[in-house]
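Below is one structure, written out as structure tokens; comments come after it.
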């Protein structure tokens with residue numbers, strides 16, 4: 001068959017270009033019923049979003065706990081560093097004199 005870009009209505013005629021399979025309308029209702037029938041859905045299908053949410057919550061809690069512990073360790077380290085800095089600024093003789101004066105009083 002030759003492909004033409006433009007077909008005139010005169011050449012097409014009155015014939016219908018489309019056909020319907022035999023017994024299509026008789027089987028239509030039966031096919032529609034089978035396609036929309038209620039199907040059993042596994043329980044896991046409904047629980048999946050809740051399991052994902054629980055997993056994300058646990059992940060957030062673990063990451064938060066780790067971050068909080070790291071922050072607390074940093075704060076403790078900063079406090080220790082501050083004490084060491086203060087002690088490094090005080091002369092040993094002043095410390096000895098302080099403790100000796102405490103004992104005599």
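Listed values, structure above:
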read-out: Sites residue 89 and residue 54 - FRET efficiency at Förster radius 35 Å, r taken between beta-carbons, to 0.05; value: 0.10
read-out: Dimensionless Rg/Rh of the chain - Kirkwood Rh, Rg from C-alpha atoms; value: 1.73
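Each reported figure results from applying straightforward, stated rules to the coordinates on display, with no laboratory input. Quick caveat: nothing in here was measured; it's all calculated off a predicted structure. For neighbour counting, all protein chains shown are included, and Cβ atoms are generated from backbone atoms with ideal geometry for every residue, glycine included.
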